[in-house]
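The numbers here are math on the coordinates, done by the rules we state, and not lab data. The shown structure was predicted, so the numbers you read here are calculated from the model rather than taken from an experiment. So basically every Cβ, Gly included, is an ideal-geometry build from the backbone, and we count neighbours across all protein chains shown.
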Amino acid sequence: MALAQRMSEEDFQQFALTGAEGAWELHDGRLVEKPVVTWSHGDIVIELAHRLRLQLDRDQYRVFTELRVRRPPATVLMPDLLVVPTVCGQTLRDQPTLAIFADPLPLVVEVWSPSTGGYDVDTKAPMYEQRGDREIWRIHPFERTLTSWQRQRDGSYREMVHRAGSVTPMALPGVTIDLDNLFDG
């Protein structure tokens, strides 16, 4: 649900920190509530977060499911999952502010749900590319696919569709996600 009234990022942060119910994003100055999602969506997000946490060094990376990224102007998105270098959170750790990351991240993930499917690919993925995120994943639990967009040295993105086997995020050395196990889990 989008609200017609425009707001600044500062107003958005104040709104979000008031404890308003729902998961909210800011799209070019418009307040937008993320829609509800399916069981499969939630299950994939939590399972993937667990598998990433088991393989990542906590001193180097953190895995989040409810934080946000910024893409100016006045756009704050809430990916389903993001991997953040621990150093990026140092300045936010003891601050009573909303955690919003402006710098490109190693991995940003969206999981398809009937309520968000087209929007995630058509709108959010290009915004993550504009941010310069190293790798963007869109996982489709019903088609059992993982589409990845990997940032190349020239700034372009290479798209790959994975239907089975293991996937290794390019920016996270030593991490492997077994898709068959993830979808069957």
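Miscellaneous remarks
- Potential extension, Phe142-Gln5 segment - 0.36 nm per residue separation minus Cα distance: 45.8 nm
- Percent of beta bridges antiparallel (DSSP, segment 35-185, rounded to nearest 5): 80
- Report summary: the helix-based calculation at 222 nm, which adds -39500 (n - 2.57) for every DSSP H run with n ≥ 4 and divides by the residues of the chain, gives -6500 deg cm²/dmol.
- Fewest-first ranking of Asp154, Asp133, Asp103, using other Cβ atoms within 10 Å as the exposure measure: Asp154, Asp103, Asp133
- Coil-residue trypsin sites (Lys or Arg not before Pro) of segment 1-75, DSSP, other Cβ within 10 Å capped at 16: Arg58
- Semi-axis lengths, largest first, of the ellipsoid equivalent to segment 26-107 are 21, 19, 10 Å, with √(5λ) applied to each eigenvalue of the Cα gyration tensor.
- Between helix 39-55 and the chain there is an angle of about 70 degrees, using the helix long axis and the longest principal axis of the Cα atoms.
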